[in-house]
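Worksheet for the structure shown next.
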Amino acid sequence: MIVDFHVHTFPEKISKNALESMSRKSRTLYFTDGTEKQLRESMIKNNVVYSVNLPVMTAPEQVLKLNSRIIGRQESLMAEGIIPFGGMHPLYENYRSELRRLRENGVPGIKIHPAYQGPDLDDIHYMRIIDAASSEGLIVVTHAGIDIGIFDHDYASVNAVLHILKDVHPEKFVLAHMGGWGNWKQVESDLCGAPVYFDTAFSLGPVCARKDKGRAPYLSENLSPEDFIRISVKHGTDRILFATDSPWARQGVYIDRIRSLGMSEEETDAILGKNAAELLHL
């Protein structure tokens, strides 16, 4: 069973403008129109059984409204193989009750994204949210490392992750982009073996760049296959979650990249879906 642990979709009325804006900032291409319809078509084509849809809430006033929509659509989305996570903003005041509401309604986790939300990952507001989410048994997925479109500051550094692990001890903490995008040496030296999951989103193989001109200082920062294997084995292949960051990568291409690494069948199956299935209790 293949599980893509990290995808994004947008409402049809805003998807085109949203993707174009992010594409220009990051100088990267997108491969679906960002809608649930095209995500589902990609899943069927590539035998992806489940995709975890991660929202990014850029303002505290979005939290209650968008989470309510996610809760209301959860059953219909799950029927299509799309697992909706909730979201949280660091400045949302009633985070404890909102996290409890998500858990009571069967939402398995939340997404946070410091680069789009403002403070660094180890800011006290995030630390409180991660602690409360862990107490509710929720999975917390965070962007980790440099954001390719917001590259003037590393909001989710390895040092920030280490601070959280020292002070909060979250039980189900997923670091997107193999633990810290663009910070591979420190990920390998300081995070491999830590009690966290890495997802593979936007981390393996060449970045598909736009051809128009623009500032793009990090377009060569993805892992080589050799580096990816070494980090995965050092961290533990039972804590690597297959993820694409769709629509910013093709699901089929990423599946082929994982399968072509030459890892054992057991390791490959674990990364492509078994680890996620266990974490999500599928």
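Observations on the structure shown:
- Residue within region 13-34 that is closer than 21 Å to residue 107 by Cβ, part of a loop (DSSP other than H, G, I, E, B) and at pLDDT below 95 present: no
- Test for residue 81: is it small (Gly, Ala, Ser) and either in contact with a Gly (Cβ under 9 Å, 6 or more places away or on another chain) or on the phi < 0 side of the Ramachandran plot (or both): no
- Lone qualifier among 153, 177 - being exposed (fewer than 15 other Cβ atoms within 10 Å of the Cβ) and either at pLDDT below 95 or in contact with a Gly (Cβ under 6 Å, 6 or more places away or on another chain) (or both): 153
- Filter result for residue 219 (assigned to a loop (DSSP other than H, G, I, E, B), modelled with pLDDT under 95 and surrounded by 14 or more Cβ atoms within 10 Å (Cβ to Cβ)): yes
- Cβ pairs under 8 Å, 6+ apart, first in region 180-194 and touching a residue at least 12 places away in the same chain (Cβ under 8 Å), second in a helix (DSSP H, G or I) and of a type in the set (D, E, K, R): 184/227; 188/230; 188/234; 192/234; 193/234
- Region 165-175, residues that are closer than 28 Å to residue 223 by Cα and in a loop (DSSP other than H, G, I, E, B): 169, 170, 171, 172
To keep it simple, each residue is scored yes or no on (1) in contact with a Lys or Arg (Cβ under 7 Å, 6 or more places away or on another chain); (2) acidic (Asp, Glu); (3) without any contact (Cβ under 8 Å) to a residue 24 or more places away in the chain; (4) surrounded by 16 or more Cβ atoms within 10 Å (Cβ to Cβ).
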site: 17; (1), (2), (3), (4): no, no, yes, no
site: 25; (1), (2), (3), (4): no, no, no, yes
site: 31; (1), (2), (3), (4): yes, no, no, yes
site: 42; (1), (2), (3), (4): no, no, no, yes
site: 48; (1), (2), (3), (4): no, no, no, yes
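- If you filter region 118-150 down to residues that are among the charged types (D, E, K, R) and modelled with pLDDT of 95 or more, you find that the one that is farthest from residue 177 (Cα to Cα) is 136.
- Residue 80 passes every criterion in (1) within 22 Å of residue 257 (Cβ to Cβ); (2) touching a helix residue (DSSP H, G or I) at 6+ places or on another chain (Cβ under 6 Å) apart from (1).
- Residues of region 35-59 satisfying the condition of being among the hydroxyl-bearing types (Ser, Thr, Tyr) and either in contact with a strand residue (DSSP E or B) (Cβ under 8 Å, 6 or more places away or on another chain) or part of a helix (DSSP H, G or I) (or both): 42, 50, 51
- Selection status of residue 42, of a type in the set (Gly, Ala, Ser) and touching a Leu at 6+ places or on another chain (Cβ under 9 Å): no
- Per this entry, residue 188 is not counted among residues that are modelled with pLDDT of 90 or more, in a helix (DSSP H, G or I), of a type in the set (Asp, Glu) and under 22 Å from residue 269 (Cβ atoms).
- Of all residues making up region 165-174, the number that are out of contact with any Phe, Trp or Tyr (no Cβ under 6 Å at 6 or more places or on another chain) and either surrounded by 24 or more Cβ atoms within 10 Å (Cβ to Cβ) or basic (Lys, Arg) (or both): 2
- Selection within region 191-210 - assigned to a loop (DSSP other than H, G, I, E, B) and either of a type in the set (Asp, Glu) or on the phi < 0 side of the Ramachandran plot (or both): 192, 194, 195, 196, 200, 201, 203, 206, 207, 208, 210
The values are calculated or read from the model by the stated rules, or taken from the named source; none is laboratory data. Here the structure is a predicted model, which is why all the values come from computation and not from measurement. Cβ coordinates were reconstructed from backbone atoms using ideal geometry, including for glycine residues, and neighbour counts include every protein chain displayed.
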